[in-house]
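The structure appears right after this line, and notes come after that.
The values are calculated or read from the model by the stated rules, or taken from the named source; none is laboratory data. Please read these numbers as outputs of a predicted model, since none were measured by experiment. Methodologically, a virtual Cβ is constructed for each residue, glycine included, from the backbone with ideal geometry; neighbour enumeration extends over all protein chains shown. Surface accessibility is based on the protein's heavy atoms, side chains included, excluding ligands, DNA and RNA. Shrake-Rupley method; radii C 1.70, N 1.55, O 1.52, S 1.80 Å.
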Amino acid sequence: MSDNVVIIGASHAAAEAVTSLRKQGWEGGITLIGDEPLLPYQRPPLSKGYFKGDTSAEKLLIKGAKVYENARVNLKLGTRVSKIDKQRKQIQLATDEKLDYSHLILATGTRARTLPIDGADFPQVCYLRNLADVDKIKSFTSEAAHMLVVGAGYIGLEVAASAVRKGIKVTVLEAMDRVLARVTSPVVSDFYQSLHAENDVKIRLNSVLKEFQKEGDNLYAIMNDGERIKFDCAVVGIGVLPNIELAEAAGLACDNGILVNEYGQTSDPNIYAVGDCSNHPSVLYGRHIRLESVPNAVEQAKVAASSICGKKVAYNQVPWFWSDQYQVKLQTVGLFTGYDQSVIRGSVADSKFSVFYLKDTQLIAMDAINSPADFMLSKKLVSEQACPKPEQLEDLNISLKSLL
């Protein structure tokens, strides 16, 4: 069997895997398979620049067509994989075509979690995972339309911020008692609730959606208490599920994602999983974690490519994320779960502050609001498992650099 790396999923991780394989000296074949008829493109701008019309689809491409041509990549776009046969080292496409591989990289990503309620199948009830999803949302949201956003996570709030800038009226429904409740602390939640209120976004907390109804040309969201909210388009952002069906059917170990070791290898050493679909061991947090993060996807792809080329390097990156809403940039380092103390540095009123999260005196995470210097230095502090004193963190006269 000739050497051939097959990559399933046209994502950030897949695009990075292609170039990393060639940089690491891979001379064999590379086949990239994606179910969309498009080259791998950036996903974060979908809820922001692309939705607002500031960015074209062409500008979203991670790498131009020439890069794949120069890397001698066999592109199979608009194609689905129906089966992985790990015994034969072979995949089967939906067209029944079969491809052999020496190494397989699964970069299958995630899909939107759907609402299990009546009316959720109305065309005007949308999700946001790809270009086609955004184009569909645009078709239902002319200026002065009323958009209903279900879920006040990153995606929901980014869509809300983009929509009001287009003159769309927005109401956000959140079942929990604060926005971003699963990913940050109350102080950051309160800041974003105020920010959206200042921009005329209506946020309704502790709100449970019962069903969608249609009366003539009118659409209504029916709440648990019987209230009816009229809308033109609903965007649902209630989380995602990892795409692990192919891996499970092939007999690979899965648990909230496809389980991998520090080199990105699954329970089959010839098959790798990278990006949002993978669940990897974290030395920093002492457990397996699955991250929905572009930086994680890119770095995992590099590790997998190195391993395939016989240059094993263990993955040990600090998680980091970002979100752009209005003129505010949130940059997050680490995972805040389990913190027992938080420290604020800067001014919440001036929209320029950082929140540090400590557990047993160790810095485990931080949120930086319009504070890029704090973000950069905190990546090192978290990585080095620093134990700064709270008064050092909150004192603006003390440089974080001095704590390294």
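Structure summary
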| quantity | calculated |
| --- | --- |
| The range 9-22 residues that are free of Cβ contacts under 8 Å to residues at least 12 places away in the same chain, paired with ones that are of a type in the set (A, V, I, L, M, F, W, C) and open to solvent by 10 Å² or more (accessible area, probe 1.4 Å) (beta carbon under 8 Å, 6 or more apart) | none |
| Test: residue in the range 150-168 that is more than 26 Å from the chain's Cα centre (by Cα) and among the polar types (S, T, N, Q) | no |
| Odd one out for Lys63 among (1) part of a loop (DSSP other than H, G, I, E, B); (2) of a type in the set (Lys, Arg); (3) loosely packed, with under 12 Cβ neighbours inside 10 Å | (3) |
| Some residue of the range 99-107 being more than 24 Å from Ala57 (Cβ to Cβ), part of a loop (DSSP other than H, G, I, E, B) and not hydroxyl-bearing (Ser, Thr, Tyr) | no |
| Residue that is farthest from Phe140 (Cα to Cα) [pool: residues in the range 203-223 that are basic (Lys, Arg) and in contact (Cβ under 8 Å) with a residue 40 or more places away in the chain] | Lys210 |
| Residue among Ser323, Ser354, Ser342, Ser307 that alone is of a type in the set (Ser, Thr, Tyr) and in a helix (DSSP H, G or I) | Ser307 |
| Filter result for Glu97 (touching a Gly at 6+ places or on another chain (Cβ under 7 Å) and either open to solvent by 70 Å² or more (accessible area, probe 1.4 Å) or not β-branched (Val, Ile, Thr) (or both)) | no |
| Which listed residue, of Val328, Val333, Val303, Val343, is touching a Leu at 6+ places or on another chain (Cβ under 6 Å) and among the β-branched types (Val, Ile, Thr) | Val343 |
| Selected residue (criterion: farthest from Gly167 (Cα to Cα)) from residues of the range 24-56 that are in contact with a Cys (Cβ under 9 Å, 6 or more places away or on another chain) and surrounded by fewer than 18 Cβ atoms within 10 Å (Cβ to Cβ) | Gly25 |
| Per-region count, the range 78-91, residues open to solvent by 50 Å² or more (accessible area, probe 1.4 Å) and either assigned to a strand (DSSP E or B) or at pLDDT below 95 (or both) | 2 |
| Arg113 farther than 20 Å from Ser323 by Cβ, open to solvent by 50 Å² or more (accessible area, probe 1.4 Å) and under 26 Å from the mean Cα position of the chain (by Cα) | no |
| Residue match in the range 379-394 (condition: at pLDDT 95 or above, open to solvent by less than 50 Å² (accessible area, probe 1.4 Å) and under 14 Å from Trp320 (Cα atoms)) | yes |
| Condition check for Asn261: open to solvent by less than 40 Å² (accessible area, probe 1.4 Å) and of a type in the set (S, T, N, Q) | no |
| Verdict on Glu292 being open to solvent by 50 Å² or more (accessible area, probe 1.4 Å), of a type in the set (D, E, K, R) and in a loop (DSSP other than H, G, I, E, B) | yes |
| Qualifying residues in the range 302-324 (those that are open to solvent by less than 50 Å² (accessible area, probe 1.4 Å) and small (Gly, Ala, Ser)) - the one nearest to Leu157 (Cα to Cα) | Ser323 |
| Test: Ser402 is surrounded by fewer than 19 Cβ atoms within 10 Å (Cβ to Cβ), more than 28 Å from Tyr326 (Cα to Cα), over 28 Å from the mean Cα position of the chain (by Cα) and not β-branched (Val, Ile, Thr) | yes |
| Positions within the range 108-122 being part of a loop (DSSP other than H, G, I, E, B) and not β-branched (Val, Ile, Thr), in sequence order | Gly109, Arg113, Leu115, Pro116, Asp118, Gly119, Ala120, Asp121, Phe122 |
| Number of the condition not met by Gln331 [criteria: (1) outside any helix (DSSP H, G or I); (2) closer than 28 Å to Gly29 by Cβ] | (2) |
| Strands (runs of 3 or more DSSP E) wholly inside the range 123-239 that include at least 1 residues being more than 23 Å from Phe321 (Cα to Cα), of a type in the set (A, V, I, L, M) and open to solvent by 20 Å² or more (accessible area, probe 1.4 Å) | 202-204, 209-215 |
| Count - residues of the range 1-12 that are modelled with pLDDT of 95 or more and in contact with a strand residue (DSSP E or B) (Cβ under 8 Å, 6 or more places away or on another chain) | 7 |
